[in-house]
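K.L.:
Have a look at this one.
The values are calculated or read from the model by the stated rules, or taken from the named source; none is laboratory data. Since the structure is predicted, the reported quantities are computational estimates derived from the model, not experimental observations. Neighbour counts run over all protein chains shown; Cβ positions are idealised from the backbone, glycine included.
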Amino acid sequence: MQEERKILLGHGSGGELMHQLIKDVFIKHFGNEILNEQTDSAVLQAGSSDIAFTTDSFVIDPLFFPGGNIGKLAVCGTVNDLAVSGAEPLYISVSFIIEEGFPIADLEKITESLAAEAKKAGVLIVTGDTKVVNKGKCDKMFINTAGIGRLSSKNLFISKAKNINAGDVIIINGTIGDHGMAVMNARESFNFKTRVESDCASLNHLIAEVLGKYPVKFMRDPTRGGVATVLNELAAKTGFGIEISEPDLPVNNGVRAMCELLGFDPLHIANEGKVLIVAGTKEGFKILEVLKNNELGMKSAIIGRVVTDHPGKIVLRNETGGRRIVDSLAGDQLPRIC
């Protein structure tokens, strides 16, 4: 008899298991020209205008963590998915699934944070829904969102990685792994002396500043699966190889120490306030300066380049000149971090 296949935590990791599930089940039944692009936001035509449309769900545990909570995270995650597609985020929906017995005081804190982040990002919450389930049928609270943004014609292909060439540089706007490590530390109560905070932030104003000055070839926010997963997806999509420099990777000392102690690779850890940008060499250095002049990009760095060697592979070069292949995660190192 054929063994029954079941969903694993790894199917929600953003890594290889998740991509296989999307291909084998969702694309198999839902596939169409728009969905098959598998971008963070769908690019749609509404009359004579182009829009970006995205949806997301948030099941993070714990609900409150250093640097934010599930409400702030819901706005940042939705806004960033639109912004990295080159769109100007305008409207979002917010739906709550709440377990019976959940403290209204905590709900108030979460909605207050959610509203404050929406105001900061400049988006309107225009619709939503609330469902309450029996105690024990939901882990405290889940939030689902959807977002719509206005998309300029010059930014239509940013999410599709159509114009990438060998020699293009890869930029990130700051340190990696902060969110995943902050959530894990809060969940497991490791009580490390070094305080690690989530990088949870809405990046639309920062991204708009870049797009208003220089052309960008590709953007993606490295959430689940981290930087490694995004770069592997990019290499697979373009057929190019990517080389990254370990000494150039910005990593906070606290995150580095936690990863070394626990056996994690910062490249695989989730971020919630970071954007990976691919641009031509000349434009890349100018974009780097723009990012560094913004509080959300002060630790920005060029971390690698697109190359013709080792097509479809990510190669990390360390300080001594050694090299290793960086793969996507197969399973899930840190479940429920967003």
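K.L.:
Counting only residues that are under 18 Å from the mean Cα position of the chain (by Cα) and either of a type in the set (D, E, K, R) or under 26 Å from M298 (Cα atoms) (or both), how many does the range 233-243 have?
P.N.:
3
K.L.:
In addition: Out of K109, K154, K137, I need the residue that is among the basic types (K, R), within 14 Å of L73 (Cα to Cα) and more than 21 Å from the chain's Cα centre (by Cα). Which one?
P.N.:
K109
K.L.:
Does at least one position in the range 225-241 carry a residue that is assigned to a loop (DSSP other than H, G, I, E, B), in contact with a Lys or Arg (Cβ under 7 Å, 6 or more places away or on another chain) and either charged (D, E, K, R) or not assigned by TED's automatic domain parsing to the domain that holds I148 (or both)?
P.N.:
no
K.L.:
Which residues, taken from the range 119-131, are assigned to a strand (DSSP E or B), surrounded by fewer than 16 Cβ atoms within 10 Å (Cβ to Cβ) and of a type outside the set (D, E)?
P.N.:
Passing the criteria: L124, V126, T127, G128, T130, K131.
K.L.:
Consider A186 against the criteria (1) assigned to a loop (DSSP other than H, G, I, E, B); (2) closer than 26 Å to L329 by Cα: it satisfies all of them except one. Which criterion is unmet?
P.N.:
Every listed condition holds for A186 apart from (1).
K.L.:
Go over the candidates G212, G177, G263 one by one and state the one that is touching a residue at least 12 places away in the same chain (Cβ under 8 Å) and small (G, A, S).
P.N.:
Every option except G177 fails the conditions.
K.L.:
Continuing with the same structure: Counting just the residues of the range 41-66 that are touching an Asp or Glu at 6+ places or on another chain (Cβ under 6 Å) and crowded, with 21+ Cβ neighbours inside 10 Å, which one comes out nearest to A161 (Cα to Cα)?
P.N.:
The extreme case among them is S41.
K.L.:
While we're looking at this one, here's another question. With V43, V84 as the choices, which residue is under 28 Å from G180 (Cα atoms) and modelled with pLDDT of 90 or more?
P.N.:
Being under 28 Å from G180 (Cα atoms) and modelled with pLDDT of 90 or more holds for just one of V43, V84, which is V84.
K.L.:
Here's a follow-up. Would you point out which residue out of I143, I148, I170 is surrounded by 15 or more Cβ atoms within 10 Å (Cβ to Cβ), outside the structural domain of P89 (by TED's automatic domain parsing) and under 21 Å from the mean Cα position of the chain (by Cα)?
P.N.:
Of I143, I148, I170, the one residue that is surrounded by 15 or more Cβ atoms within 10 Å (Cβ to Cβ), outside the structural domain of P89 (by TED's automatic domain parsing) and under 21 Å from the mean Cα position of the chain (by Cα) is I170.
K.L.:
Something else: Has the range 182-203 got at least one residue that is under 22 Å from I287 (Cα atoms), surrounded by fewer than 16 Cβ atoms within 10 Å (Cβ to Cβ) and among the aliphatic types (A, V, I, L, M)?
P.N.:
No, there is no match, as no residue in the range 182-203 is under 22 Å from I287 (Cα atoms), surrounded by fewer than 16 Cβ atoms within 10 Å (Cβ to Cβ) and among the aliphatic types (A, V, I, L, M).
K.L.:
Could you tell me whether I176 is out of contact with any His (no Cβ under 8 Å at 6 or more places or on another chain), surrounded by fewer than 20 Cβ atoms within 10 Å (Cβ to Cβ) and either closer than 24 Å to I60 by Cα or not assigned by TED's automatic domain parsing to the domain that holds I287 (or both)?
P.N.:
Spelling it out, it is not the case that I176 is out of contact with any His (no Cβ under 8 Å at 6 or more places or on another chain), surrounded by fewer than 20 Cβ atoms within 10 Å (Cβ to Cβ) and either closer than 24 Å to I60 by Cα or not assigned by TED's automatic domain parsing to the domain that holds I287 (or both).
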